[in-house]
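Peer 1: Below you will find the structure I want to go over with you.
Rule-based calculations on the coordinates, nothing more; no lab input. Please read all numbers here as calculations on a predicted model, not as lab measurements. Heads up, the Cβs are rebuilt from the backbone with ideal geometry, glycines too, and the neighbour counts pull from every protein chain shown.
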Amino acid sequence: MTVETKHIHISTKGFCDVIDITDKVKSALSLVSDIAEGSVTIFVPGSTAGLTTIEYESGCIEDLKSTFERLAPQDAHYAHNARWGDGNGFSHIRAALLGASLHLPFKAKKLLTGAWQQIVLVDFDNRPRRREVILQFMGK
Amino acid sequence: MTVETKHIHISTKGFCDVIDITDKVKSALSLVSDIAEGSVTIFVPGSTAGLTTIEYESGCIEDLKSTFERLAPQDAHYAHNARWGDGNGFSHIRAALLGASLHLPFKAKKLLTGAWQQIVLVDFDNRPRRREVILQFMGK
Amino acid sequence: MTVETKHIHISTKGFCDVIDITDKVKSALSLVSDIAEGSVTIFVPGSTAGLTTIEYESGCIEDLKSTFERLAPQDAHYAHNARWGDGNGFSHIRAALLGASLHLPFKAKKLLTGAWQQIVLVDFDNRPRRREVILQFMGK
């Protein structure tokens, strides 16, 4: 059993930018030595981004964006905005709802995700960001 | 320390079918050899189902269904439906919101869940499905 | 590789009480022996509380509370209430949506969370509670 922690970096446009990071996770997994079976913890540091899985096709992406706009509208009143004036209260709430971590199993060095199930980073902030994403592989 | 990956299969009715898989997880845990303390990653491949914990009583299940119908209504407009015509845009959105993975600790071969806290698979698709669920046990 | 399971206890006021447990997690991590790199599973037993990460400032906390009140209002109709009369149907639904577990990586004995990203326990119940939270550290 061992553990290996890797870092990848992603440039985003913010405003609910949904970015498919599946290939980056698979590529990192292929380079991990001594682990064939186990799981990867995917984690995004920061409080205005989240992670989930979704079928990465433009319709689903558009629907995800409009859903978050409905659940936590950008232009609603946020106490965070009143206090800090940075206007990204909606980003914090969306990120807290979606969650910053994901945990996926793999076996024989293959992710056990579905064929149409991609891993996505969602950047909710109100400006472009350079994001670090942690990939921590654990197993045998 | 070791890792063991198991697969279980569940038949669902779709349409926010909420299925208690706690006993299957406990049963799989009891059969794992050489691991008494650690955690289980529960993961559902596919992009129209999710996992969470809830008190499995008919009132809560009914409330969960009506909540998802309110948050992402089946009959709303979805760009996914416009593009693919399979009518399950709501399923994709609900699944992305709930999440496809769950991570639960155990000790002395007992899950550390609460007495009224069950593990549920929620199938959001718009038809019956045969689902595979991954149970990956890691620990010592 | 090893695993160590710790328990912490938190008194809450219920009603979407949001409690910063970051220092308790860091403190527990500092006391774990023989693990410098790995991840911590944070889990709350029970079906009326959840865990997430958020910037812990009073504006964000207020916004999170009002968001949950909007997504699953306390005074809406819940079948759970009709059946059990304990009036916490909204608590169960909010907890199932947010999730009871969190999984965070660390390296060199430091959590890889962002500077303004705190770990919070959210108690959705309709009364004060004494909560147990499980912290399970795994790594090398």
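Peer 1: What angle, in degrees between 0 and 90 and rounded to the nearest 10, separates the Cα long axis of helix B:89-98 from the longest principal axis of the Cα atoms of chain B?
Peer 2: Orientation of helix B:89-98: about 30 degrees from the principal axis.
Peer 1: A further question on this structure: So, in Å, what gap is there between the alpha-carbon centers of the range C:47-125 and the range A:59-74?
Peer 2: Between the Cα centre of the range C:47-125 and that of the range A:59-74, the gap is 20 Å.
Peer 1: With the label 7 angstrom out along Cα to Cβ, how close does B:HIS9 come to the same site in each of the other copies, in nm, nearest first?
Peer 2: Copy-to-copy label distances at B:HIS9, shortest first: 4.7, 4.7 nm.
Peer 1: Taking 8 Å as the Cα distance limit and 6 or more residues as the minimum spacing, I'd like the relative contact order of chain B as a percentage.
Peer 2: Details: 281 pairs, mean separation 76.0, N = 140.
It rounds to 54 percent for chain B.
Peer 1: Would you order C:THR48, A:THR12 from fewest to most other beta-carbon atoms within 10 Å of each residue's own beta-carbon?
Peer 2: Working: C:THR48 30, A:THR12 20.
So the residues, fewest neighbours to most, are A:THR12, C:THR48.
Peer 1: Rounded to the nearest 10 degrees, what's the angle between the helix A:22-31 long axis and the longest principal axis of chain A, both from Cα atoms, 0 to 90?
Peer 2: Once rounded, the angle reads 30 degrees.
Peer 1: Based on the Cβ-Cβ distance of A:ALA115 and B:SER11, what FRET efficiency does E = 1/(1 + (r/R0)^6) give at R0 = 22 Å, to the nearest 0.05? Walk me through the numbers on the way to the answer.
Peer 2: Values: r = 20 Å, r/R0 = 0.92.
For R0 = 22 Å, the calculated efficiency reads 0.60.
Peer 1: Shortest first and in nm with one decimal, please list how far the B:ASP34 label point sits from its counterparts in the other copies (point 7 Å along Cα→Cβ).
Peer 2: For B:ASP34, the inter-copy label distances come out at 1.7, 1.7 nm.
Peer 1: Continuing with the same structure: Share of Cα-Cα pairs in the protein assembly as shown beyond 43 Å, in percent? Kindly include the intermediate steps, with their values, before the conclusion.
Peer 2: On the way: 3557 of 87990 pairs.
Of all Cα-Cα pairs in the protein assembly as shown, 4 percent lie more than 43 Å apart.
Peer 1: What are the distances, in nm and sorted shortest first, from the label point of C:ARG70 to the label points of the same position in each other copy, with each label point placed 7 Å from Cα along the Cα-to-Cβ direction?
Peer 2: Values, ascending and in nm: 1.4, 1.4.
Peer 1: On a straight-distance basis, which lysines could pair with B:LYS13 in a cross-link, Cα separation under 16 angstrom, same-chain partners fewer than 8 positions away excluded?
Peer 2: Hits, sequence-local ones excluded: B:LYS65.
Peer 1: If you don't mind, another one. Sorted from largest down, give the three principal axis spans of the alpha carbons of chain A, whole angstrom values.
Peer 2: Cα extents, longest axis first: 50, 30, 21 Å.
Peer 1: When Cβ neighbours within 10 Å are restricted to other protein chains, what is their mean count per residue of peptide C:63-72? Spell out each step's value before the answer.
Peer 2: Values: counts 13, 7, 1, 5, 10, 2, 0, 3, 6, 5.
Averaged over the peptide's residues, the number is 5.
Peer 1: Let me ask something else about it. For the range A:2-139, give the magnitude of the charge dipole about the Cα centre (Cβ charges: +1 Lys/Arg, -1 Asp/Glu; no others), in debye to the nearest 20. Let's see the in-between values first.
Peer 2: On the way: 15 positive and 16 negative charges, 54 e Å.
It comes to approximately 260 debye.
Peer 1: So what's the net charge close to A:GLU62: Lys and Arg +1, Asp and Glu -1, counting the other residues with Cβ under 14 Å from its Cβ?
Peer 2: Numbers: positive: A:LYS65, A:ARG70, B:ARG83; negative: A:ASP17, A:GLU55, A:GLU57, A:ASP63, A:GLU69.
Local charge sum for A:GLU62: -2.
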